[in-house]
Amino acid sequence: MEDIFEKLAGLSPREILGYALASEDDAKEFYEHLASKSGALLGEFFKDLAKAEENHKRILLKLYEELFGDTEYPVPEDIPLAETTVKVDTVANLIEAMRVALENEKNAERIYSHLAETLPEHRGIFKFLAAQERAHYAAIRSHTEYLEDVTQGQQEYVNAPIEFFGAQLELYLGPHTKR
């Protein structure tokens with residue numbers, strides 16, 4: 001992660017914003033993928049995160065246009081975006097993907113904090129975005145800790161297809177009959 005920040009430090013605000021815009025797109029796709037692999041409960045959580053990332057991109061794109069007069073932003077090629085190729089077919093894979101998401105959210109928070117210093121006239125918006133990413137981190141961390149706790153020592157859960165685990169959670173959503 002430090003390597004990313006070293007590279008970002010050498011870029012212009014235009015390039016850093018381009019990287020941030022591309023990162024928001026990447027995060028949205030990642031969360032949409034996780035939503036498609038999860039059941040209703042976790043799926044809604046990931047859909048909400050994807051929607052938030054989409055809103056962040058809209059905010060950044062408007063700011064970018066205000067600053068630079070267009071919406072054609074550069075994406076630095078030598079700085080990797082988030083790793084979004086985690087195969088999610090078991091609960092263990094989902095936990096791994098959520099750990100990647102934690103790293104991505106921490107990275108995004110640091111980028112927005114850096115931009116708040118680099119573009120102080122827009123500090124308010126970048127501080128807001130950093131706070132949003134910090135909140136995403138906390139929510140994902142809570143869900144990750146839950147999954148780690150539930151699966152600890154439970155190989156039938158760790159290696160279970162993600163659909164099975166989702167179905168177990170969703171038993172509480174289905175119709176109930178009184179006895």
> About its Cα centre, what dipole magnitude does the stretch 48-117 give when the only charges are +1 on Lys and Arg Cβ and -1 on Asp and Glu Cβ, stated in debye to the nearest 20?
Replying inline: 240 debye
>> If I take R0 = 30 Å and measure r between the Cβ atoms of GLU66 and ARG99 in this structure, what FRET efficiency does the formula 1/(1 + (r/R0)^6) give, to the nearest 0.05?
In response: 0.25
> Given Cα pairs under 8 Å that are at least 6 residues apart, what percent is the relative contact order of the chain?
Replying inline: 26 percent
> Under 22 Å Cα-Cα from LYS87, which lysines qualify once same-chain neighbours fewer than 8 residues away are excluded?
Replying inline: LYS28, LYS37, LYS47, LYS51, LYS106
> If you count, for each residue, the other Cβ atoms within 10 Å and average over each peptide, how do 69-78, 97-106, 150-159, 9-18 line up from highest to lowest?
Replying inline: 97-106, 9-18, 150-159, 69-78
> Distance in nm between label sites at GLU117 and ASP78, each 7 Å beyond Cα in the beta-carbon direction?
Replying inline: 2.2 nm
> Using a ≥ b ≥ c from the Cα gyration tensor of the stretch 1-56 (square roots of the eigenvalues), is it rounded, prolate or oblate, where a/c under 1.5 gives rounded and otherwise the larger of a/b and b/c decides, a/b for prolate?
Replying inline: prolate
>> Using just the Cα positions, wrap the chain in a convex hull and report its mean projected area in square nanometres, one decimal place.
In response: 12.1 nm²
> Can you tell which of GLY10, PHE46, PRO74 lies farthest toward the positive end of the dipole of the chain, using +1 and -1 charges on the Cβ of basic and acidic side chains (Lys, Arg; Asp, Glu)?
Replying inline: PHE46
>> Let me spell out the model: positive unit charges on the Cβ of Lys and Arg, negative unit charges on the Cβ of Asp and Glu, origin at the Cα centre of the chain. What dipole size does that give, in debye rounded to 20?
In response: 760 debye
>> Leaving out ligands and nucleic acids, and using a 1.4 Å probe, what accessible area per residue does the chain come to in Å²?
In response: 55 Å²
>> How would the stretch 1-95 be classified by its alpha-carbon gyration tensor: rounded, prolate or oblate, with rounded meaning a/c under 1.5 and the a/b versus b/c comparison settling the rest?
In response: oblate
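The values are calculated or read from the model by the stated rules, or taken from the named source; none is laboratory data. Here the structure is a predicted model, which means the values were calculated and not measured. Every residue, glycine as well, gets a Cβ built from its backbone with ideal geometry; the counts of neighbours run over all protein chains shown. Quick note on the areas: whole protein, heavy atoms, side chains included, nothing else; ligands and nucleic acids left out. Shrake-Rupley method; radii C 1.70, N 1.55, O 1.52, S 1.80 Å.
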